[in-house]
Amino acid sequence: MNFNSQRRQQFLDEMRYLETINEIPEILETFKQHPAESGTTVDEGWMISQRRIAANLYEKLFLEYTAGEPIEPLRQEIEDVINAYEIYAERLWEHHKDRSEPIFDFVISDDYAQLMQLIGLCFLLHRRDLLPRIAAVQDGVAGENGGADTLFEEFMCYAMGPEARFQSNYLCGSKPYESLFHALTEQSPESRLKELNVYLKHWYKDLAGCAWHDSHKTGGGYYGYWSFEAGAAVILLDIEDDTTLHKYLYYPKDLVAWCRANTAEYSSESKTPGVFATAAGIAAGQSCPKSGWWFTPALLNSRRYFQQGTRFPAIEASDYGTTFWQWSTDQSTPVL
């Protein structure tokens, strides 16, 4: 198979791919050996170098997927990326003397987009084991940053369970991510797919502020345009027919298909909760994922004990809307 028929986006030509992929090892070695000159101190230079190492490993993975390379090796490469960002986190925290400094800034569009793409890749490559590690470098000491962004919490609920995550009503990247948030929280398959179509329709245009936007027109810096987080949503929401999304160039349909085809092989890493779990909690009518004390904002003094597998009830006489049950931080048994 020749390169043009193998590549997953037409903007990448073979010469550019080979030049870039062959340059990356040399770039990585340079940053490993020397602190970045852009740092005002040697300490800051090493911090910047480590971030560039992580970013180059990330770009290499992107580039290989765009070029049509096999998917299986990317499962290890995504771990290499996370490893590099963990080392960067240590240098960042040391530089700022603050272990609660997140490695991706929720209010910077480039950081936010990359964070969502990394999360999407972890789900699609059956590497959910890496998601708690991403959470660890974002959450801060004792969860100081927990709840900073509701979409981040939605994804982490699927990976770690709602009882391990934080409540949030704030979406940092409203454009284009609001529709993706709605897709993850809608209960009907039709509504979920509709929101994903809206999300992908606006994805590229709304991310025009990112440094990589339109990089295929500038002759350098293009590694591929991919909304891996949209593909992850399709898997998490059990959307069987995603053909209406295939018209979007940046929807990773090959990776979604690979993820589905390899679910059995990586079953221990790919299981999704058998419940509708979100950062708002678990919707009434769904099964309790863990025995313990739960409560709902829809009713005062609602804290009660549920056995795993029990279906959560709805609060009918409530103006709150859909009943969501949340894990209680107080797991003590009341004294009668």
Worksheet item: Is it the case that some residue within the stretch 40-52 is within 18 Å of M116 (Cα to Cα) and crowded, with 16+ Cβ neighbours inside 10 Å?
Response: yes
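Would you confirm whether or not the stretch 307-316 contains a residue that is out of contact with any His (no Cβ under 8 Å at 6 or more places or on another chain), in a strand (DSSP E or B), modelled with pLDDT of 80 or more and over 23 Å from L236 (Cα atoms)?
No: the stretch 307-316 contains no residue that is out of contact with any His (no Cβ under 8 Å at 6 or more places or on another chain), in a strand (DSSP E or B), modelled with pLDDT of 80 or more and over 23 Å from L236 (Cα atoms).
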Worksheet entry | Residues of the stretch 151-179 satisfying the condition of being of a type in the set (A, V, I, L, M, F, W, C), farther than 17 Å from A233 by Cα and assigned to a helix (DSSP H, G or I) | A164
Worksheet item: Taking the condition at pLDDT below 90, aliphatic (A, V, I, L, M), out of contact with any His (no Cβ under 8 Å at 6 or more places or on another chain) and under 27 Å from E77 (Cβ atoms), does A211 pass?
Response: no
Fill in: Any hit, the stretch 213-226, residues being crowded, with 20+ Cβ neighbours inside 10 Å and of a type in the set (A, V, I, L, M, F, W, C)
yes
Worksheet item: How about the stretch 133-173: which of its residues are over 15 Å from the mean Cα position of the chain (by Cα) and either of a type in the set (S, T, N, Q) or buried (at least 23 other Cβ atoms within 10 Å of the Cβ) (or both)?
Response: N145, P162, Q167, S168, N169
Practice prompt. Could you give me the residue pairs with C-beta distances under 6 Å whose first residue belongs to the stretch 66-84 and is in the same structural domain as Q9 (by TED's automatic domain parsing) and farther than 9 Å from L125 by Cβ, whose second residue is among the polar types (S, T, N, Q) and in a loop (DSSP other than H, G, I, E, B) wherever it lies, and which are 6+ apart or on separate chains?
Written response: T66/Q9
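The values are calculated or read from the model by the stated rules, or taken from the named source; none is laboratory data. These numbers come from a predicted model, not from an experiment. Here Cβ is always computed from backbone atoms with ideal geometry, including for glycine, and neighbour counts include all displayed protein chains.
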